[in-house]
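The next block holds one structure in the form of structure tokens; read it before the comments.
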């Protein structure tokens, strides 16, 4: 398989992401998230240079600054304020969660190999990038599934968002700049609202354990 | 003393003021119903006048961009069939507009008039729209508005639990009907690639599934067996104006839909036609049998609607059969019979429902076991109810006779004109069925009239009932006049309907209306029949029933004492012989218990208990519903409230979708 440069970076991002479910420390997870997002930002920049689309370069810069640094810092601050540093975990023990996400990484390669993907000219899009994207989505889901704290849920959601972005980037050579900016804004707003909601939940329920929030169904 | 005069003066000064206040408020309340009623009258008479003025000229209207649904233009068409049904709706609406102001005054504390009138206008508008719509999307949208607004009208008096339950049953029935209709329409669109009714033909086997779905959907809406159970719940719960409109016209819209889509589309699947024939035949018999044993006047009328709708469906099925066999003239007779009976049933059933509403408001009950002797206190209502009953029992010269005559003619013609012996047998069985049903109809309405209007009052409230206000008398009287006119003028009205039908696109292949006269015994010698009937009745009255001198003397009465109102023939006792014969279907049980030391000769206390269960409801619908709700409990466990579980669902769905994407 001939992986292009951006593809190597997104696969690296997917591999780093699979390590996240293995740790219950929020600080470690936030570090991993920063690295994953930074790798995605590098892949975006490489794609931009490769296709001479310099709008995409701006997007890469934004990802590197806001998502790879800004969001982890703000979540770190939130966890400091709430005085939580360790997730209790649920559903699966952390090592098992990590191994299942590694398994899903393999499975996503297996799945996307035969997936009818849009053919992009200039050899831009291949199934490796799609596999990395889908693997990121799986990892995010595993993370959300096996964590109790609301902060970890937000983290899992962000990983899923990264996965969707990677999928779009490698398959369509990036979305139009404005769409990209809009998505980025959505993510930022989502994180902010999530942060505020965590404080709210903490205040009303005196914990941020989502496993205990089962009374909200009708 | 001084104090007294002061207070008296005070009273005199205050009371007129407060009185005028009260009357003003009262007047405003009455006015609140007067204005919308007048508006309905204006709309209906406007439509009627424009129909008369325009005749049956074909118009296709496609609305301009502002009046579109998404990207879809609404298209309407007025042809012969549509104008007949619009005329029927207009006539019923005119009588309801007479009836509403006084009738709704009785409900002013129980019904929210704003909501009632909003739903009513939506209902009326959508009914006109459904009749006029020329394509499936327009039809479906207006059909939905019609169903939902009528459900809202049924639930007008929603503080009662019974009303809530009935509205829910009706809503459920309309949901299923709409789902089936959607399925049928989508399938037809897939087959023909068009939404327009004009492009739809049901002559190839690829369209039979769609045809069957559409037929079943309309059967649910029309209240055909076994989908009829919503009717007897809905009509007693709804206000009489609504039940008159629903029984008079809404269920006819389903028949209109069958005519418009299936008949004009040239349905030629023998299986579907036989299915329609079977369902119609069962409905006819089932409906009238259950009508006979009802004690609630409006329930009785609702079941009788099922019978009539079944008869109309039979006529349509016979017409399709005749068309399939190439007997165009016979097909024309059958379709004319179906349409004419639709009109007639719409008229006299609204009349009867309006009269039932009058009885309900004046005697405060619809229970036949508590009514009685109303003819003395409410002569006009009694006369109208009698007229409507005569029409529904198809007594000449009323309109019911004319349309039933045509249906009978269709059957008789089928017995010797078709080549297939099976069809001949079916038609012969149909004649027998029709005669049995006719007999049961007469029994049903003899019971309804005899128990509610004759004899003595069986309750205090029936005793103090008085004739209703003018509007509530004029409305049924107007319908009665239309009924008599249509009946007496059958020689004109039947060719008129035939002409309108033949002008409808899709039915133009039928024989020309001139052939109608050659095909059936026609014109019906209505006047002669009426004249002979009247003279016979007069002769019988003069020679046999004329009351001679009344002799008064005491007789030995076996020690029973004076007769009380409870010794009259009651609703239950009238229906008992028939109910006993058909007790396996009705699940009829009568328990007789006589108390006393020597109960054989000197009964002290006689207790009769009659029990009846609707077999369809208790054996099929309730178990099915129980099964569904039981299954839903398991399904509800999916909604655990745990975020993690929901995420797991998302994850599994994603994997499954990917697998599907890979392997398909």
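Read the figures in this text as sums done on the coordinates, not as results from a lab. Because the structure is predicted, anything quoted here is derived from the model rather than measured. Glycine gets a Cβ as well: all are built from the backbone with ideal geometry, and neighbour counts include every protein chain shown.
Mean partner shielding of peptide A:104-113, defined as the number of other chain Cβ atoms within 10 Å of each residue Cβ, is 2.
Altogether, the Stokes-Einstein calculation at 37 °C and 0.692 mPa s, with the Kirkwood radius of segment B:158-533 over Cα pairs as Rh, returns a diffusion coefficient of 156 µm²/s.
Taking the centroid of alpha carbons for each part, segment B:223-256 and segment B:83-109 are 16 Å apart. A simple spin-label model places the labels of residue B:461 and residue B:649 4.8 nm from each other, with each point 7 Å out along Cα-to-Cβ. Relative contact order of segment A:5-210, taken over Cα pairs closer than 8 Å and 6 or more residues apart, is 24 percent.
Computed from the Cβ-Cβ distance with R0 of 56 Å, the FRET efficiency linking residue B:587 to residue A:92 stands at 0.45. Helix A:127-145 against the longest principal axis of chain A: what's the angle in degrees, Cα atoms only, rounded to the nearest 10? Here the helix axis deviates by roughly 0 degrees.
Taking other Cβ atoms within 10 Å as a rough exposure proxy, A:157, B:185, B:218 sort from fewest to most as A:157, B:185, B:218. Using alpha carbons only, how many degrees (0 to 90, rounded to 10) separate the axis of helix A:94-113 from the longest principal axis of chain A? Computed tilt is about 30 degrees. Counted over chain A with a bin width of 10 Å, the fraction of Cα pairs per bin, in whole percents, is 9, 35, 33, 18, 5, 0. Evaluated at q = 0.12, 0.16, 0.17, 0.22 Å⁻¹, a Debye calculation over the C-alpha positions of segment B:194-255 (equal weights, vacuum) places log10 I(q)/I(0) at -0.41, -0.63, -0.68, -0.89.
What the Kirkwood sum gives for segment B:128-262 is a hydrodynamic radius of 15.2 Å, with every pair of different alpha carbons counted. Is it possible to state the helix-based mean residue ellipticity at 222 nm for chain B, with each DSSP H run of 4+ residues giving -39500 (n - 2.57), the sum divided by total residues, to the nearest 500 deg cm²/dmol? What is it? The per-residue figure over chain B is -23000 deg cm²/dmol.
Neighbour counts of other Cβ atoms within 10 Å put B:103, B:416 in the fewest-to-most order B:416, B:103.
So what's the angle, to the nearest 10 degrees on a 0 to 90 scale, between helix A:5-18 and the longest Cα principal axis of chain A? Once rounded, the angle reads 20 degrees. Remark: the residue B:606-residue B:386 segment gains 75.8 nm on full extension, using 0.36 nm per residue and subtracting the alpha carbon distance. Computed packing ranks the peptides B:440-448, B:386-394 as B:386-394, B:440-448, most packed first, by mean other Cβ atoms within 10 Å. For chain B, the Cα-based Rg and Dmax, in that order, read 28.0, 105 Å.
Descending by average beta-carbon neighbour count within 10 Å, the peptides A:54-62, A:28-36 line up as A:28-36, A:54-62, the highest first. Between residue B:420 and residue B:566, the C-beta separation translates, for a Förster distance of 45 Å, into a calculated FRET efficiency of about 0.20. Could you tell me the center-to-center distance, by alpha carbons, between segment B:465-501 and segment B:532-605 in angstrom? Segment B:465-501 and segment B:532-605 have Cα centres spaced 35 Å from each other.
Centre-to-centre, using Cα atoms only, segment B:161-192 and segment B:313-359 are separated by 24 Å.
Pair-distance distribution of the protein assembly as shown: all C-alpha pairs, bin width 20 Å, starting at 0; shares per bin in whole percent are 12, 32, 24, 22, 8, 1, 0. With neighbours defined as other Cβ atoms within 10 Å of a residue's Cβ, the residues B:488, B:336, B:130 order from fewest to most as B:488, B:130, B:336.
Take every pair of alpha-carbon atoms less than 8 Å apart whose residues are at least six positions apart; their mean separation over the length of segment B:532-664 yields a relative contact order of 13 percent. Contact order, relative form, for segment B:158-533: 18 percent (alpha carbon pairs under 8 Å, 6 or more residues apart, mean separation divided by residue count).
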